[in-house]
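Q: Below is a structure I'd like to ask you about.
The values are calculated or read from the model by the stated rules, or taken from the named source; none is laboratory data. None of these values were measured; they are calculated from a predicted model. When the accessible area is computed, the model is the full protein with side chains, heavy atoms only, and any ligands, DNA or RNA have been set aside. Shrake-Rupley method; radii C 1.70, N 1.55, O 1.52, S 1.80 Å.
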Amino acid sequence: MGARARKTALLRRIRRRKAPSAAARAAEAHAARVHADLADELPDGHLDDLGEDQDLGDFLDGHTPPAGPGADPEAHEELLEQVREARHRIARGY
């Protein structure tokens with residue numbers, strides 16, 4: 001195989017990698033819908049905590065419960081459960 005043929009074959013492989021498959025696009029769209037649903041369900045104060053593109057696992061790992069007067073541990077646990085359920089919905093694909 002000549003240098004030109006190798007270069008052409010390499011460029012084709014790179015283009016295929018860059019273009020997401022239909023399944024990957026569908027998975028991204030599903031994840032975006034789940035994120036939007038979660039944002040609609042969250043109380044106003046928590047929407048800032050959960051960034052639009054943030055991975056839900058990262059949110060669960062890094063989120064700390066509120067402390068001090070007025071902190072509501074039950075509301076915090078409900079928030080975490082909503083995020084866990086959204087993460088499971090994304091993983092299931094439906």
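Q: If I filter region 59-94 down to residues being among the aliphatic types (A, V, I, L, M) and open to solvent by less than 60 Å² (accessible area, probe 1.4 Å), which single residue comes out as farthest from L38 (Cα to Cα)?
A: Within region 59-94, the subset among the aliphatic types (A, V, I, L, M) is 60, 67, 71, 75, 79-80, 83, 86, 90-91.
Next, only the ones that are open to solvent by less than 60 Å² (accessible area, probe 1.4 Å) stay: 60, 71, 75, 79-80, 83, 86, 90.
Numbers: L60: 14, A71: 22, A75: 15, L79: 10, L80: 11, V83: 7, A86: 7, I90: 11 Å.
Out of the qualifying residues, it is A71.
Q: In region 40-58, what residues are at pLDDT 80 or above and open to solvent by less than 60 Å² (accessible area, probe 1.4 Å)?
A: Across region 40-58, the qualifying residues are L56, G57.
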